[in-house]
Amino acid sequence: MIEFLQQLVNGLSQGAIYALIALGYTMVFGVLRFINFAHGDIYMIGAFAGFYSAPKLLALAGGGPSFAGAALVLVAAMALCAAAGVLIERVCYRPLRAQPRLTVLIAAIGVSLLLENGGQFAFGADPQAFPEIIADSAIDLPASWGEFSLLTITVGQVIVLGSTAVLLLALRAVVLHTRTGMAMRALSLNPLAASLMGVNTDAVVSFTFAVGSAMAGAAGILTAIQQPSIDPLMGINAGLKAFVAAVLGGIGNIPGAALGGVLIGILEALVVGYISPTYRDPIVFAVLIVVLLVRPSGLLGKPEREKV
Amino acid sequence: MSRPRTLLLAALALCAAGSVFSGSINPYYHDILIMIGINILLAASLNLIIGHTGQFSLGHAGFMAVGAYSSAWITIAWGASAGWLAYLSALFAGGVAAAAAGLAVGVPSLRLRGDYLAIVTLGFGEIIKGVIQNAEPLGAQRGLGGMAQHTNFFWTFACVALAIYGITTLVHSTYGSGFLAVRDDEIAAEAMGINTTKYKVLAFVIGAFVAGIAGGLYAHFKQFIHPEGFSFLRSVDIVVMVILGGMGSTAGVCLAAVVLTVLPEFLRSVSDYPWLPAPVRELAENRMILYSILIVVLMLTRPQGLFGKLDFGRKKP
């Protein structure tokens, strides 16, 4: 029982990371109907932005690992990733918007390869030790909890879950209660009608890329707090898992992405805990295939009819 | 005798003639030549799936892995005494096993289009790799070795000639029109009474079969195979060949396969010239950066690929 709960806790904190990355996939898909293959690499860029900025920002916040310093690093990485996302959209995807979808998809794969290999060129191919921006240690649970006090919960896990919850609520507020959010929803319902109603399509698409990439950047920092080893190829696997999460939840559906991320994280933890770590990736991909065959619109998505 | 068949016989004769001299070539160049042949097989077969039928597949290395492991497993089981006939049947069996895997991927693809299909094929490729990594009889994480080196110049390029002949005649037949119809407009094709399901699955099965043969050739050339050698990045290598060559152009894709096999070796030698500025040498060592920039720039400026509509055989009507 306690072991099962422990796997749930581990899975939940990994799932929060997947949820943050999956948001970017799902938001871009909602607006442009296209899978941004390079999104997982934005997450890697976020981790490296933190890696290079942390020493200076920590010194600015009074030196040593601290909450204020960690928050600064998080914000810096999010800002840099937002800029990177907007730039990539502007240079590589916008000129191709009228082209067949295959062309855009291939361009996205090209951008992804460029970030991965450019990252290996610029940052070095070997894994780097991420600086300690917050003291990560296990929390002593009160003995009065009985059996549950045997659970291992770390400060890092609490921060990951807390930050994810805050970011998700903020995103929800933006999408539901601002004019830009309304424009985003309009665009995902019907791009042509939205632009006829005066929605500035390009600005909304840029904003979507900025928000999605910022979430991925945050995920990069939050991962690095828990597993302080980062490398330029870390985005491939995480990106694919997050994509599976987005599909599982229903691609284009924002709460679905969060739900899918958490479910995939927990599934992975259970597979690692009870079956074998070597089966983790194949089982996640098998889930993807089963979802696409049985319910292509995902858990929360609405089926979409194909128009000629 | 029709012209393509004459060309095929001529190509086979050329392979036989070439194999007489292949023993006297520098082993390094011989190595590159065989890899060119294997890459042509992979690129031409993926081109059938992506270029002609318009089904984006990112799992081609998975089919190659199935062919490589099945044929290697068979020749190892038969022992070192097995001759070339056993080798050929193992190659064929590897192709059939890969075709079965292609069927398994092709069937779910009926319901998926474009981006989704790309991810699903990627997932299948990773699943195949994952299964091999867990299969003890196939060496699991340690890799599989001990095959005799059966693959030589003749067998490689005979396979290339046969595959290109087969793919070209297929593409120029009624089936070929079916493939193109599915690629150009699936809904319209369906409305015209074309069995799109049949063509999509057929493209996957044939493409996987040829990739499986290429895997078998590879396994019996390198004499050691490892699951990591058939990863997502290997699939991307093949996709790059198809994109640069020009989707749907068999000749362009084969040319791209040759160029992209030779280019890394050339770049490697460039990085040895001390008189070149250091950044140029470093960039030459990172060929993937060049490839990725090339892909993005190509998509922005020339989506039909470097060699565009270059093709073997008859002119299209």
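With more than 20 Å from B:Gly62 (Cα to Cα), part of a helix (DSSP H, G or I) and more than 9 Å from chain B (Cβ to nearest Cβ) as the only criterion, which of A:Gly256, A:Gly298 stands out?
On the way: A:Gly298 fails: part of a helix (DSSP H, G or I).
Only one candidate passes the filter, namely A:Gly256.
Sort out which residues of the range A:228-253 are within 12 Å of another protein chain (Cβ to nearest Cβ), more than 11 Å from the chain's Cα centre (by Cα) and within 26 Å of A:Ala70 (Cα to Cα), and write them in order of number. A:Pro232, A:Leu233, A:Ile236, A:Asn237 - these are the residues of the range A:228-253 that are within 12 Å of another protein chain (Cβ to nearest Cβ), more than 11 Å from the chain's Cα centre (by Cα) and within 26 Å of A:Ala70 (Cα to Cα).
Could you pull out every one of the helices (runs of 4 or more DSSP H) wholly within the range B:101-186 that has 3 or more residues that are out of contact with any His (no Cβ under 7 Å at 6 or more places or on another chain) and closer than 30 Å to B:Arg5 by Cβ?
Working: elements: B:114-134, B:153-171, B:174-184.
So the answer is B:153-171, B:174-184.
Filtering the range B:85-94 for residues that are in contact (Cβ under 8 Å) with a residue 12 or more places away in the chain, loosely packed, with under 14 Cβ neighbours inside 10 Å and at negative phi leaves an empty set. Candidates are the residues of the range B:118-149 that are within 14 Å of another protein chain (Cβ to nearest Cβ) and more than 21 Å from A:Ile283 (Cβ to Cβ); the one that is modelled with the highest pLDDT is B:Arg142. The residue of the range A:235-285 that is surrounded by the fewest Cβ atoms within 10 Å (Cβ to Cβ), among those that are under 17 Å from B:Asn134 (Cα atoms) and small (Gly, Ala, Ser), is A:Ser276.
Taking every residue in the range B:233-244 that is more than 8 Å from every other protein chain (Cβ to nearest Cβ) and pairing it with any residue that is surrounded by 24 or more Cβ atoms within 10 Å (Cβ to Cβ) and not in a helix (DSSP H, G or I), at least 6 positions away or on another chain, the pairs with Cβ-Cβ distances below 9 Å are B:Ser235/B:Ser57; B:Ser235/B:Leu58; B:Ser235/B:Gly59.
Sort through B:Ala65, B:Ala10 and tell me the only one that's surrounded by 24 or more Cβ atoms within 10 Å (Cβ to Cβ) and not basic (Lys, Arg). Before you say what the answer is, go through the steps one by one.
On the way: B:Ala10 fails: surrounded by 24 or more Cβ atoms within 10 Å (Cβ to Cβ).
Just one listed residue meets the conditions, B:Ala65.
Applying the set (1) within 22 Å of B:Asp31 (Cβ to Cβ); (2) over 12 Å from the mean Cα position of the chain (by Cα); (3) buried (at least 20 other Cβ atoms within 10 Å of the Cβ) to B:Cys254 leaves exactly one unmet item: (2). If you go through the range B:198-222, how many residues are among the hydroxyl-bearing types (Ser, Thr, Tyr) and touching a strand residue (DSSP E or B) at 6+ places or on another chain (Cβ under 8 Å)? Looking only at that region, the number is 1. Taking the listed residues A:Gly46, A:Gly85, the one that is in contact with a Cys (Cβ under 6 Å, 6 or more places away or on another chain), more than 14 Å from chain B (Cβ to nearest Cβ) and buried (at least 23 other Cβ atoms within 10 Å of the Cβ) is A:Gly46, with no other qualifying. Screening the range A:102-142 for residues that are among the aliphatic types (A, V, I, L, M) and away from chain B (no Cβ under 14 Å) and picking the one that is surrounded by the most Cβ atoms within 10 Å (Cβ to Cβ) gives A:Ile133. Looking across the range A:97-139, the residues that are in a helix (DSSP H, G or I) and among the aromatic types (Phe, Trp, Tyr) come down to A:Phe121, A:Phe123.
Within the range A:259-270, is there a residue that is at pLDDT 90 or above, closer than 30 Å to A:Val91 by Cα and more than 14 Å from chain B (Cβ to nearest Cβ)?
Looking only at the range A:259-270, we keep the residues that are at pLDDT 90 or above, and these are A:259-270.
Still in the list and also closer than 30 Å to A:Val91 by Cα: A:261.
From what is left, the residues that are more than 14 Å from chain B (Cβ to nearest Cβ) are A:261.
The answer is yes, given that some residue of the range A:259-270 is at pLDDT 90 or above, closer than 30 Å to A:Val91 by Cα and more than 14 Å from chain B (Cβ to nearest Cβ).
Restricting the first member to the range B:263-283 and to residues that are in a helix (DSSP H, G or I), and the second to residues that are acidic (Asp, Glu), the beta-carbon pairs closer than 8 Å and six or more apart or on different chains are B:Leu267/B:Glu285; B:Arg268/B:Glu285.
Before we move on, is B:His52 within 14 Å of chain A (Cβ to nearest Cβ) and in contact with a Gly (Cβ under 6 Å, 6 or more places away or on another chain)? Taking the combined requirement at face value, the residue satisfies it.
Does A:Gly217 satisfy the condition of being touching a residue at least 40 places away in the same chain (Cβ under 8 Å) and buried (at least 23 other Cβ atoms within 10 Å of the Cβ)? I'd like the intermediate steps shown before the answer.
Values: touching a residue at least 40 places away in the same chain (Cβ under 8 Å): yes; buried (at least 23 other Cβ atoms within 10 Å of the Cβ): yes.
So A:Gly217 passes the test.
Within the range A:274-295, the set of residues being more than 7 Å from every other protein chain (Cβ to nearest Cβ) and more than 21 Å from A:Gln7 (Cα to Cα) comprises A:Val290, A:Val291, A:Val294, A:Arg295. Looking only at residues of the range B:215-229 that are among the hydrophobic types (A, V, I, L, M, F, W, C) and in contact with a Phe, Trp or Tyr (Cβ under 9 Å, 6 or more places away or on another chain), we find that the one that is surrounded by the most Cβ atoms within 10 Å (Cβ to Cβ) is B:Ala219. So A:Gly69 fits all but one of (1) within 27 Å of A:Pro228 (Cα to Cα); (2) assigned to a helix (DSSP H, G or I); (3) free of Cβ contacts under 8 Å to residues at least 40 places away in the same chain; what number is the exception? Of the numbered conditions (1) within 27 Å of A:Pro228 (Cα to Cα); (2) assigned to a helix (DSSP H, G or I); (3) free of Cβ contacts under 8 Å to residues at least 40 places away in the same chain, the odd one out for A:Gly69 is (3).
Table: residues versus (1) part of a loop (DSSP other than H, G, I, E, B); (2) aliphatic (A, V, I, L, M); (3) farther than 20 Å from B:Asn152 by Cα.
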| residue | (1), (2), (3) |
| --- | --- |
| B:Leu9 | no, yes, no |
| B:Leu14 | no, yes, no |
| B:Ser19 | no, no, no |
| B:Ile36 | no, yes, no |
| B:Ser70 | no, no, no |
| B:Thr75 | no, no, no |
| B:Leu91 | no, yes, no |
| B:Val96 | no, yes, yes |
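The values are calculated or read from the model by the stated rules, or taken from the named source; none is laboratory data. Bear in mind the structure is a predicted one, so any value in this text is a computation, not a measurement. Backbone-built Cβ (ideal geometry, glycine too); neighbour counts: all protein chains shown.
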